[in-house]
Amino acid sequence: MRKLNRFFVAVIMFLLLLNAAYAFDVKANPIKDKIVVDEVAEFEVTISNNFDTDEEFTIKKAGYPFWDMYTKPLQNPITLKVPAMGSSSIKLFVDPLYITSVDTYTLDMGVVLSRTGQEQKVPITIGIKSTEPLIGGYIPTVLTSVDMPSDIDPRDEFRIKIALNNQNVLDYPNLTIKIESNLFKDEIHIPLGPKEEKNVELSKKLDPMTPPQEDRLIIAIFKEGRLIVSPIVKEFKIREYLTQEELPKEKSFLKIKRSIKVVSNNPDYSGTVKIETTPLKNLLLTSSPRSELTKENGKQYLTWNAELGKDNMMLIYVYENYRPIVVIVILTGVAILLYFLFRSPIVVRKSIANIGMSEGGISEAKVVVRVKNRSPKQIANIEVIDNLPNIAHVEKELSIGSMQPHAILRHPKKGIMIKWNVESLEAGDERVLSYRMKSRLSILGEFNLPAATARCAVGKRTIISNSNRVSVGV
């Protein structure tokens with residue numbers, strides 16, 4: 001009986017231990033478990049939590065350094081949170097690092113309950129179906145990096161730099177580097193020794209008219225036609241540009257033709273073309289096609305909307321025409337010359353002085369007529385005539401330096417005429433003629449006097465010069 005009791009106690013203890021052992025379950029379902037030596041196996045690890053509380057589990061790597069286990073994104077350590085009485089899954093990648101033979105390999109992956117430290121071992125089986133990627137017992141490992149500009153101006157030469165680093169003792173007498181994009185293709189053959197580092201540079205020059213676009217450069221490395229480095233992809237773009245080139249000037253008589261060639265690698269370029277000008281210079285400029293005048297930062301520019309032709313080019317012509325200025329200068333010079341040739345050699349000026357007042361109006365005034373010879377020669381027999389309306393009469397006035405009238409004539413309708421005869425005037429000389437007028441009645445308001453006239457003969461011409469008119473008012 002005692003033995004039977006001990007048996008039941010042992011069974012109960014076993015069941016308790018069994019329950020503790022299966023507090024969580026782990027399954028590793030293969031996604032990709034048959035691979036070649038340079039591929040990566042994939043498994044889906046599912047953990048079922050049998051507790052009534054949320055738990056965290058840690059997945060321990062197995063097989064290192066011959067194997068590597070990791071997740072994407074990378075976790076270190078690899079952990080997984082599982083809800084109470086629920087399950088969660090994580091994808092696990094298994095990479096053969098140093099495997100050199102075809103075989104089936106089993107790795108014991110450990111899953112640990114973080115709260116208690118309880119661990120379960122879960123077998124993961126991987127079949128290596130080919131070791132073809134191995135060379136001389138090694139996986140070819142050539143670390144490769146590529147450096148090139150991401151923004152390329154097609155007018156400029158650019159460089160592609162490829163850095164190679166042989167990680168093992170394999171010797172590559174003839175590696176093939178293939179470089180390919182939508183715009184160019186190249187193939188380079190180089191040797192790479194054991195543990196050798198080497199830099200390869202390639203200079204490229206595109207067609208300057210390559211249109212703006214986005215492209216990708218793909219670089220792959222081969223040994224005897226076999227890909228040993230996964231292709232490297234570099235994104236880049238071709239930049240849009242617009243250039244203005246001034247062609248040689250074409251000069252003719254007082255005229256300059258400027259030709260401006262506008263070129264872009266984008267046939268649909270949308271923008272403006274401008275050249276600086278000044279307000280004065282702009283008066284002399286014309287252009288084809290017609291331009292608009294714009295201002296920017298205090299400066300003036302001739303501006304055009306870019307309209308490119310089939311050859312991605314636009315020609316602008318700007319004409320600097322100085323002929324109108326020369327014509328104006330010549331005409332002005334001719335006018336001045338004609339003025340000096342045909343102007344009257346006698347200048348007559350008339351003025352009023354010593355005005356007398358009576359009964360609130362003008363009763364008398366002194367009239368002064370100056371006659372000057374502005375020619376370089378003597379002028380003789382000059383007749384000077386002045387006129388007064390009938391409302392006034394003339395009194396002779398004796399004053400030093402003045403010449404008295406030779407005759408004073410009265411006309412019933414035309415008024416009074418005062419006449420002087422000047423025998424001669426030397427070049428640059430001036431003669432002062434004056435008289436005093438008196439009004440019969442006081443003149444109120446404004447009183448206008450007509451112009452005086454000088455007449456003489458110069459050669460075969462009769463010269464007549466008139467003075468200014470004068471007004472007297474109160």
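The values are calculated or read from the model by the stated rules, or taken from the named source; none is laboratory data. This one's a predicted model, so the numbers in the text were calculated from it and none came from an experiment. Counting neighbours? That spans all protein chains shown, and the Cβs are built from the backbone with ideal geometry, glycine included.
For the reader, a short list of remarks on this structure follows.
- Taken together, Ser230, Ser203, Ser259 contain a single residue that is in contact (Cβ under 8 Å) with a residue 40 or more places away in the chain, assigned to a strand (DSSP E or B), at negative phi and surrounded by fewer than 12 Cβ atoms within 10 Å (Cβ to Cβ), which is Ser203.
- For region 444-457, the criterion of being modelled with pLDDT of 85 or more, of a type in the set (A, V, I, L, M) and over 19 Å from Ile352 (Cα atoms) is satisfied by at least one residue.
- Residues of region 149-180 classified as part of a loop (DSSP other than H, G, I, E, B), of a type outside the set (D, E, K, R) and crowded, with 16+ Cβ neighbours inside 10 Å, total: 2
- Checking each residue in region 262-274 for being surrounded by 18 or more Cβ atoms within 10 Å (Cβ to Cβ), assigned to a strand (DSSP E or B) and of a type outside the set (Ser, Thr, Tyr) picks out Val262, Val263, Val273.
- Restricting attention to region 300-311, the residues that are of a type outside the set (Asp, Glu) and either in contact with an Asp or Glu (Cβ under 6 Å, 6 or more places away or on another chain) or loosely packed, with under 11 Cβ neighbours inside 10 Å (or both) add up to 4.
- Residues that are crowded, with 17+ Cβ neighbours inside 10 Å, in contact with a strand residue (DSSP E or B) (Cβ under 6 Å, 6 or more places away or on another chain) and over 16 Å from Val458 (Cα atoms) occur at least once in region 350-359.
- All of Leu409, Leu433 fail the test of being over 24 Å from Glu359 (Cα atoms), crowded, with 20+ Cβ neighbours inside 10 Å, more than 60 Å from the chain's Cα centre (by Cα) and not β-branched (Val, Ile, Thr), apart from Leu433.
- The sole residue among Lys413, Lys366 that is at pLDDT below 80 and at negative phi is Lys413.
- Members of region 36-87 found to be within 21 Å of Thr106 (Cβ to Cβ), of a type in the set (Lys, Arg) and not in a loop (DSSP other than H, G, I, E, B), listed by number: Lys60
- Checking Gly309, Gly333 one by one, the residue that is under 30 Å from Lys251 (Cα atoms), of a type outside the set (A, V, I, L, M, F, W, C) and assigned to a helix (DSSP H, G or I) is Gly333 and no other.
- Residue check for Val334: among the hydrophobic types (A, V, I, L, M, F, W, C) and surrounded by 14 or more Cβ atoms within 10 Å (Cβ to Cβ): no
- Among the candidates Lys129, Lys121, residue that is at pLDDT 85 or above and either touching an Asp or Glu at 6+ places or on another chain (Cβ under 7 Å) or charged (D, E, K, R) (or both): Lys121
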